[in-house]
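Only one structure is covered here, and it is reproduced in the block below.
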Amino acid sequence: MPRSRYRFGADKYPYFMTNTVVAWLPVFCQPDFAKVVLDSWQFLQREREIDILSFVIMENHVHWIAVGPQLSKRVGEFKSFTATTILRQMESKGYETLLQELQFFKARHKVDQQHQLWQDGSHPQQIETDEMMWQKIEYIHNNPLRRGYVDDPVHWRYSSARVYAGQVGVLDVCTDWR
């Protein structure tokens, strides 16, 4: 029996996804760790034919919309690479408390690793209409606003809201998804 009702389907559709840090720990308060996520997305765009349509990086989770071949596999690679890279950086920079928390909150079935960065799953939701796409983009861009971090979504550095507003962002995204 499947563990979740969320599944990837046809490659032609974009998917809204959420990746959350275990125990909602605030890993991405550190710009170096957010940069790992951005660099990994750039790799997916450049080397794996994945279009990133919208994103936001919050302190303990990311929301993103992407489309492309073998998206399910690419999301798994993204999570594995970012976790390995961030954990190595934490070890080299002496983030002992955060590493202890990532070890403490590791799922019991993860016996082959010492720490766990991401919660299992990405909760992919297939986007089939323009209306649904705009709803998800607005949800993503307004996440920092709803949390009270900014007064305007374009003020959040780690978001595609700037690109959609015609400004330069930290990651190029495909805004022509129709």
Listed by first then second residue, the pairs whose first member lies in segment 9-31 and is assigned to a loop (DSSP other than H, G, I, E, B), whose partner is among the aromatic types (F, W, Y), with beta carbons under 7 Å and at least 6 positions apart or on separate chains, are P14/W177
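Would you pick out the residues in segment 143-164 that are closer than 20 Å to W41 by Cβ and without any contact (Cβ under 8 Å) to a residue 12 or more places away in the chain? Give the steps one after another, and end with the answer.
Step one: list which residues in segment 143-164 are closer than 20 Å to W41 by Cβ, which gives 143-144, 153-154, 156-164.
R162, the sole residue that qualifies.
Of the residues that sit in segment 70-81 and are polar (S, T, N, Q) and in a helix (DSSP H, G or I), which one is farthest from A34 (Cα to Cα)?
Here is the first cut: in segment 70-81, the ones polar (S, T, N, Q) are 70, 72, 80.
If we keep only those that are in a helix (DSSP H, G or I) as well, we get 72, 80.
Details: S72: 22, S80: 15 Å.
Going through the qualifying residues, I end up with S72.
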Log entry, pairs with first residue in segment 47-72 being under 18 Å from T129 (Cβ atoms), second being of a type in the set (G, A, S) and surrounded by fewer than 22 Cβ atoms within 10 Å (Cβ to Cβ), beta carbons closer than 7 Å, six or more apart or on different chains, reads D51/G68
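Each reported figure results from applying straightforward, stated rules to the coordinates on display, with no laboratory input. Keep in mind it's a predicted model, so treat the numbers as computed, not measured. Quick reminder, even Gly has a Cβ in these numbers, built from the backbone with ideal geometry, and neighbours come from all protein chains shown.
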